[in-house]
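Q: Can you read through this structure? Questions will come right after.
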Amino acid sequence: MKKAVNDFLVIENRALNATNYLIRLLSPEPLPAIYPGQFVNVGINDSSEVFLRRPFSIFEVDYENNTLGLVVKILGKGSKKLSEAATGSSISLIYPLGKGFSQPARADKILLIGGGSGVAPILFLAKTANTPAENVNILIGAKSAGDHIGIEDYRQYGATHFTTEDGSLGVKGFVTQHPLFAEEITGFDKIYACGPDPMMRAVAKMAQEKGIFCEVSLENLMACGFGVCLCCIEPTVKGNLCVCTDGPVFNINSLKW
Amino acid sequence: MKKAVNDFLVIENRALNATNYLIRLLSPEPLPAIYPGQFVNVGINDSSEVFLRRPFSIFEVDYENNTLGLVVKILGKGSKKLSEAATGSSISLIYPLGKGFSQPARADKILLIGGGSGVAPILFLAKTANTPAENVNILIGAKSAGDHIGIEDYRQYGATHFTTEDGSLGVKGFVTQHPLFAEEITGFDKIYACGPDPMMRAVAKMAQEKGIFCEVSLENLMACGFGVCLCCIEPTVKGNLCVCTDGPVFNINSLKW
Amino acid sequence: MVDLKVKIGNLEFKNPVMAASGTCGFAEELADFYDVSELGAIFLKGTTLRNRAGNDYPRMAETPSGMLNAVGLQNKGADYFIETIYPRIKDIDTHLIVNVNGSTIDEYIELTEKINELGKIPAIELNISCPNVKEGGMAFGISCPSAEAVVREVRKVYDKTLIVKLSPNVTDIAEIARAVEGQGADSVSLVNTFLGMAIDSEKRTPLLSTITGGLSGPAIKPIALRMVWQVARAVKIPVIGIGGIMNTQDAIEFMLAGATAIQVGTAIFKDPFTPLKIIQGIQEYLNRHGFDSVSGIIINKLQM
Amino acid sequence: MVDLKVKIGNLEFKNPVMAASGTCGFAEELADFYDVSELGAIFLKGTTLRNRAGNDYPRMAETPSGMLNAVGLQNKGADYFIETIYPRIKDIDTHLIVNVNGSTIDEYIELTEKINELGKIPAIELNISCPNVKEGGMAFGISCPSAEAVVREVRKVYDKTLIVKLSPNVTDIAEIARAVEGQGADSVSLVNTFLGMAIDSEKRTPLLSTITGGLSGPAIKPIALRMVWQVARAVKIPVIGIGGIMNTQDAIEFMLAGATAIQVGTAIFKDPFTPLKIIQGIQEYLNRHGFDSVSGIIINKLQM
Ligand SMILES: Cc1cc2nc3c(=O)[nH]c(=O)nc-3n(C[C@H](O)[C@H](O)[C@H](O)COP(=O)(O)OP(=O)(O)OC[C@H]3O[C@@H](n4cnc5c(N)ncnc54)[C@H](O)[C@@H]3O)c2cc1C
Ligand SMILES: Cc1cc2nc3c(=O)[nH]c(=O)nc-3n(C[C@H](O)[C@H](O)[C@H](O)COP(=O)(O)OP(=O)(O)OC[C@H]3O[C@@H](n4cnc5c(N)ncnc54)[C@H](O)[C@@H]3O)c2cc1C
Ligand SMILES: Cc1cc2nc3c(=O)[nH]c(=O)nc-3n(C[C@H](O)[C@H](O)[C@H](O)COP(=O)(O)O)c2cc1C
Ligand SMILES: Cc1cc2nc3c(=O)[nH]c(=O)nc-3n(C[C@H](O)[C@H](O)[C@H](O)COP(=O)(O)O)c2cc1C
Ligand code: FES
Ligand code: FES
């Protein structure tokens, strides 16, 4: 698949909450088709501490205006620097990378689960799925209400539910403790999840037990992002696969979890 | 001598011409006594390319407002980064470093010669010398009128003369071709010079021939700036001396030029 | 138009800018970005006789101006390469060079013989310097007798261009270079990665599954440059310079130090276009300095 | 208050954070900034028997995350040190350690004997790893027989704490460490600088008067850390870790790799307060991780 490296213009950089930023970037060229679950590898400008690029899921694509959106959570040096990118500055992206989620069928009842910045690809999927809103449930987990990434109202794309560890928004606990998951899980045809490793493993475990189709998006450490370094591997039933090219989305049946 | 490392606040950063910037910095502590010829070693923030600090002469000191001024000429990566320092950002300085020029006596007839960014310590000396203006001549060399560093009017401190290589301001040629130097040199008791190496060597050569007292300020490459690395050495009659602690100002008689 | 051609052994290369093994996959991944036939050569991902899963995750750690990797020669083995990958890439119009690895001399020989059969592989790079495998690998490259032995035996079965990739983890790299030259190597390429380590001070664990890994990137450039300079003075065969080359300036430095050609490695991860930019940059450099050909820089290399 | 004391040979140090030789002058220059008695120890600038002018200018080149130096042991010789410098600094209330250099074993011995007379110098660091001098220097540190010879002879004339500073420019640093341990060294400190090189591609000349120089700074940290880890597993004597330590995190990494103490070098050029900040940082780290004493980290070092 054709890939590119280009300098994008920062047209918006907005704090969503204390640690998450929404960054909108203008492409210098018409954007190729981009699917939920795909990502970009972002060059961090002028940092004495960051050497490699940093991968971020694509959160939204606006083909008309030629813009991409990323949700960046501050974790360390690179994401911090990125969160400070000034409007009008430029940022180098390698894109589009990875294989996205499989498209659910119109009739599928789907559950989309996002944790932390993992909501980015999940919400992109919610927006672009062919499945009508009544068949879609979106379950978003966060530490507390303040950590919730409220970008726009997603209720038009599906019923939206929350869990927070402190109970400050929605159900108290982890996403796997939400009734939708804990009790009604067998009502779904397909589950799509992205979030912290323990969350995805818990989701995968239950889906596997119940025999429900489930895809997760992994965030292994990457050096290149386009399949040449073999650093981002995940052990699978087909051997070590690259998360950057064979993933980041994997069907849980292929993982050795 | 007591030295300090502190973060200074950029309160002004102004382009003087295409390649030179005047940067004024606010000290977080009362400034110690600082003499013309002394310098600071400046930390370059967040650069993937610059590892060490960069030395810059002190151009002015305002004890009342606790500010320092530097003149920064863009030469490479560090000076470029520094020239982009935003007002309100902070910059780490090690200061005050080096030994300044010797003070001329009131009765001395002195010639101050500055080339390029070397005008910074020279103008600081002009401002602070005890010698009355009628005994002071300031000779400033540049490539062309546009390269001249016009910060303020120095005529109150002494008669001011210019040379430019293209003749666009003052006498055409190098400072050593100015009549004041080429013809009237023996009228001076003391010469002080700072500028590009070839300029200082030419000045020194003539001063030595005529037996005139002459001090030059050197710009050897530095790693530390405070005497511990022994990288900045200059061969002298007393052996290899550190430009950062024994200099940067040297009497030409001690140099092996 | 300046002449960028260089010669290594009997082989002519269209330009001296090559992609380093393990950093450009099997050429196809780079072909997603541009026409890879513009490169001087492509050194394919390290290949072994049999399938290797490589080391466990995590295999990578960022370091100041560099990175550690502990990939451990993950590849599907010679037969898979020959049957599945080679047919797909063989018509790329530049030299494809196989990076040959083994845990024993016999493995090196057997793999070389298999690769020798492939009409469109004009050269091999004998990797005696991989720091990320338990057996063989770097062990061959850190002493003269073992380096000599593997090169001698491989030379017997291989008549095409034989490039030997040297390890920097040695006291005297020039000595090793002379040793492999003595056994008939057509060229030496250096450096492979430096053995390094990274620790998570808060979690108090190593950052790599293998504890140690190979350091690459700009951090190593000053050491790699010194080694290329030492080796270029010690041997008559052409030297291929590798280590932290990020841009034209770096590439020219290696050529001034005596390298006939250079390989771009880790820089590809930051920008896959780096090798193309360097080809362009070398052309500009030659024009600016009034050279007709790239061999001009090399012949006029630093008189030191 | 956590206990920061560490022991090397018979000598107790108030804390494990020390200033590296050649980066803190003769203590007086740092004393312009703060009370240097707060440091664990001060390794004074490399000293030779007789006055040395050092190498020509330029002696320094910046590199990615590091620097090359080619100072070449500029110093005024033993007698000047003993008569002029020592009296001025001897009452500093921390251990002052002389970094002892020679071009021959006899020079090492003679200098050691002179330093042995000084009541306030409780230890020497035998530098067998300086890459910037033509004779002796690193040559002693890159082979076991020569390293053994110099340590054996110096040990005969020196009963105080003997620290031997190792060169990283070797194939197997653990082997050298074992060799000097075998000759009675009380401790090894590592690493000294890596032999590197820098070239001005536009001017087409080397950037150092000596062509090659010693690489230091964060760039070398991953390799230095690996070496400290290897050596700490190979010897019983305490190891002093050196190489690119810029902050507390780096210092802790070296301790987890097995270092009893650490030296801060190039970081001092960027910020002379670095060692003090690290002392403070280690205290905070110990509190955060529930250790009573710094020896806790060392004893609980990575089980690898
Ligand atoms: C395919 C993919 C998609 C991603 N999408 C997003 C996204 O949409 N939004 C978002 O905020 N983040 C996303 N991430 C994660 C993001 O790449 C990391 O948070 C970022 O690289 C951290 O860089 P840093 O320099 O801030 O952290 P560093 O300073 O490099 O690291 C800080 C700490 O975090 C750990 N760490 C760093 N990266 C990872 C990782 N990938 N997994 C586990 N631990 C890590 C480090 O080991 C270290 O302990 C994605 C990652 C991948 C691989
Ligand atoms: C005591 C002292 C006082 C100084 N005062 C001033 C001042 O008031 N204003 C001012 O603009 N500059 C001054 N300088 C020079 C200034 O330090 C350098 O211009 C600056 O360090 C260059 O850094 P850079 O990162 O921009 O250049 P780099 O990217 O590091 O280098 C660019 C090119 O310039 C060369 N170069 C860098 N520094 C020097 C140097 N010091 N001498 C010769 N060649 C060099 C490099 O070798 C390289 O070729 C002074 C230097 C010293 C030692
Ligand atoms: C992720 C990674 C994988 C590598 N794999 C190989 C390999 O399979 N065979 C080999 O000879 N060298 C391998 N190398 C070494 C590079 O080819 C090169 O010698 C080294 O990285 C130094 O160059 P650089 O600093 O430009 O990256 C690898 C390097 C990296 C970073
Ligand atoms: C400018 C400079 C001078 C040095 N001089 C000496 C010396 O005289 N003796 C010595 O044993 N090491 C000397 N070293 C090596 C340091 O002590 C230290 O081993 C090395 O720099 C690695 O540590 P760092 O990366 O923290 O600087 C010197 C290093 C530098 C940068
Ligand atoms: S990140 Fe390089 S192969 Fe996946
Ligand atoms: S710059 Fe370090 S001694 Fe002068």
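Q: When the gyration tensor of segment A:4-97 is built from Cα positions, what are the square roots of 5 times its three eigenvalues, in whole Å, from largest to smallest?
A: Its equivalent ellipsoid spans semi-axes of 19, 14, 13 Å.
Q: Still on this model: Seen from all sides and averaged, what is the projected area of the convex hull of the Cα atoms in the protein assembly as shown, in nm²?
A: 46.4
Q: Would you list which lysines come within 16 Å of A:Lys238, measuring only between C-alpha atoms, while excluding same-chain residues fewer than 8 positions from it?
A: Candidates past the 8-residue exclusion: A:Lys256, C:Lys76.
Q: Do you know the relative contact order of segment C:6-299, to the nearest whole percent, from alpha carbon pairs under 8 angstrom that are 6+ apart?
A: With pairs under 8 Å counted, the relative contact order is 19 percent.
Q: Further question on the same structure: Explain nothing, just compute: Karplus ³J(HN,Hα) = 6.51 cos²θ - 1.76 cosθ + 1.60, θ = phi - 60°, for every residue of segment A:158-168 in order, whole Hz, x for Gly and Pro.
A: My calculation for segment A:158-168 gives x, 5, 10, 10, 10, 10, 9, 5, 9, x, 6 Hz in order.
Q: Then there is this: Give me the net charge of B:Ile233's neighbourhood, meaning all other residues with Cβ under 14 Å from the Cβ of B:Ile233; Lys, Arg count +1, Asp, Glu -1.
A: Surrounding charge for B:Ile233 is +2.
Q: Quick one: label points 7 angstrom along Cα→Cβ at A:Leu221, distances to the other copies in nm, smallest first?
A: Computed spacing set for this position: 3.4 nm.
Q: Okay, next question. For segment B:17-27, take each phi angle, set θ = phi - 60°, evaluate the Karplus expression 6.51 cos²θ - 1.76 cosθ + 1.60, and give the result in whole Hz per residue in order, putting x for glycine and proline.
A: So the Karplus estimates, Gly and Pro as x, are 6, 4, 10, 10, 10, 9, 10, 9, 10, 9, 7 Hz.
Q: Measure nothing but the geometry: give the 0 to 90° angle between the long axis through the Cα atoms of A:197-210 and the longest principal axis through the Cα atoms of chain A, rounded to 10°.
A: On a 0 to 90 degree scale, this one is about 40.
Q: Can I ask one more? What number do you get for segment D:1-52 when its Cα radius of gyration is normalised by 2.2 N^0.38 Å, N = residues?
A: Relative to the 2.2 N^0.38 Å estimate, segment D:1-52 comes out at 1.32.
Q: Using Cα pairs closer than 8 Å and at least 6 residues apart in sequence, work out the relative contact order for segment B:110-200, in percent.
A: It comes to 36 percent, rounded to a whole number.
Q: Quick check on chain A: helices-only [θ] at 222 nm, where DSSP H runs of length 4 and up contribute -39,500 (n - 2.57) each and the sum goes over total residues. Nearest 500, please.
A: The per-residue figure over chain A is -4000 deg cm²/dmol.
Q: Where Rh denotes the Kirkwood radius from the mean inverse Cα pair distance, what is Rg over Rh for segment D:1-108?
A: 1.01
Q: Separate question: List the lysines whose Cα sits under 26 Å from the Cα of B:Lys80, skipping any in the same chain fewer than 8 residues away.
A: Reachable lysines: A:Lys77, A:Lys80, A:Lys81, B:Lys143, C:Lys221, C:Lys270, C:Lys277, D:Lys203, D:Lys270.
Q: Sort largest first and round to whole Å: the equivalent ellipsoid semi-axes of segment C:180-296, each the square root of five times a Cα gyration tensor eigenvalue.
A: 30, 20, 10
Q: If you put a point 7 Å past Cα along the Cβ direction, how far is that point for A:Glu165 from the same point in each other copy, in nm, smallest first?
A: 6.3
Q: Related question: After finding the eigenvalues of the alpha carbon gyration tensor for segment C:105-233, what semi-axes result from the square roots of 5 times each, listed largest first in whole Å?
A: Taking √(5λ) for each Cα gyration eigenvalue gives 28, 18, 13 Å.
Q: Still on this structure, I have one more. Taking the label point 7 Å from Cα in the Cβ direction, how far apart in nm is C:Ser37 from each other copy of itself, listed shortest first?
A: Distances to the matching label points in the other copies: 7.7 nm.
Q: Apply the Karplus parameterisation 6.51 cos²θ - 1.76 cosθ + 1.60, with θ equal to phi minus 60°, to every residue of segment B:62-79 and state each ³J(HN,Hα) to the nearest whole Hz, in sequence, with x for glycine and proline.
A: For segment B:62-79, the Karplus curve yields 10, 5, 5, 8, 6, 10, 10, x, 10, 10, 10, 9, 6, 10, x, 5, x, 5 Hz.
Q: Can I ask one more? Taking the Kirkwood radius as the inverse of the mean 1/r across Cα pairs, report the Rg/Rh of segment A:110-200.
A: 0.93
Q: Using 7 Å Cα-to-Cβ label points, what is the D:Glu202/D:Val157 separation (nm, one decimal)?
A: Here the answer is 5.1 nm between the modelled labels.
Q: Same structure again: Express in whole angstrom the spacing between the alpha-carbon centres of segment D:115-185 and segment B:82-157.
A: When both Cα centres are located, 50 Å separates them.
Q: Using a cut-off of 13 Å between beta-carbons, work out the net charge of the residues near D:Asn192 (Lys and Arg +1, Asp and Glu -1, D:Asn192 not included).
A: Taking every Cβ under 13 Å from that of D:Asn192, the sum is 0.
Q: Let me ask another. Helix A:119-128: angle to the longest alpha-carbon principal axis of chain A, degrees 0 to 90, nearest 10?
A: 80
Q: Right, next: Loop-only check: which trypsin sites (Lys or Arg not before Pro) in segment A:2-80 are DSSP coil with at most 11 other Cβ within 10 angstrom?
A: For trypsin sites (Lys or Arg not before Pro) across segment A:2-80 that sit outside H, G, I, E and B with at most 11 neighbouring Cβ atoms in 10 Å, the list reads A:Lys2.
Q: Near A:Lys127, which lysines are there with a Cα under 20 Å away, not counting those fewer than 8 places off in the same chain?
A: A:Lys99, A:Lys109, A:Lys190
Q: Follow-up. Give, to the nearest whole percent, the P(r) tail of chain A beyond 29 angstrom, counting all Cα pairs.
A: Across chain A, Cα pairs with separations above 29 Å total 27 percent.
Q: Based on the Kirkwood radius over alpha-carbon pairs, what is the Stokes-Einstein translational diffusion coefficient of segment D:101-165 at 37 °C with 0.692 mPa s viscosity, in µm²/s?
A: 280
Q: Additional query: Average partner chain C-beta neighbours within 10 Å, per residue of D:207-217?
A: Going residue by residue through D:207-217 and averaging, the value is 3.
Q: Could you tell me which helices of chain C pass both thresholds, a Cα extent of 15 Å or more along their own axis and a mean Kyte-Doolittle hydropathy of at least -1.0, with helices taken as whole DSSP H runs?
A: C:105-116, C:144-157, C:221-234, C:274-289
Q: Now for a separate question. Can you work out the PRE-style zone for A:Ala33? Point 7 Å along Cα to Cβ, and I want the residues of segment A:1-27 with backbone N under 15 Å.
A: Residues A:1-3 qualify, since their backbone N sits under 15 Å from the label point.
Q: Something else now. Calculate the all-directions average of the projected area of chain C's alpha-carbon convex hull, and give it in nm².
A: Spelled out: convex hull of the Cα atoms, projected over all directions, averaged, 14.8 nm².
Q: Still on this structure, I have one more. Using helices alone, what [θ] at 222 nm do you get for chain C, with -39,500 (n - 2.57) per DSSP H run of 4 or more residues, divided over all residues and rounded to the nearest 500?
A: That calculation yields -8500 deg cm²/dmol at 222 nm.
Q: Now, a different point. For segment B:72-147, what number results from the quotient of the Cα radius of gyration and 2.2 N^0.38 Å?
A: Taking the Cα Rg and dividing by 2.2 N^0.38 Å, one obtains 1.38.
Q: Moving to a separate point now. Please report the relative contact order for segment B:171-257, taking Cα pairs under 8 Å with a sequence separation of at least 6, and give it as a percent rounded to a whole number.
A: Contact order relative to length: 24 percent.
No lab work stands behind these numbers, since they all come straight from the coordinates. Source: prediction; values computed, not measured. FYI the Cβ positions are ideal-geometry reconstructions off the backbone, even for glycines, and counts take in every protein chain you see.
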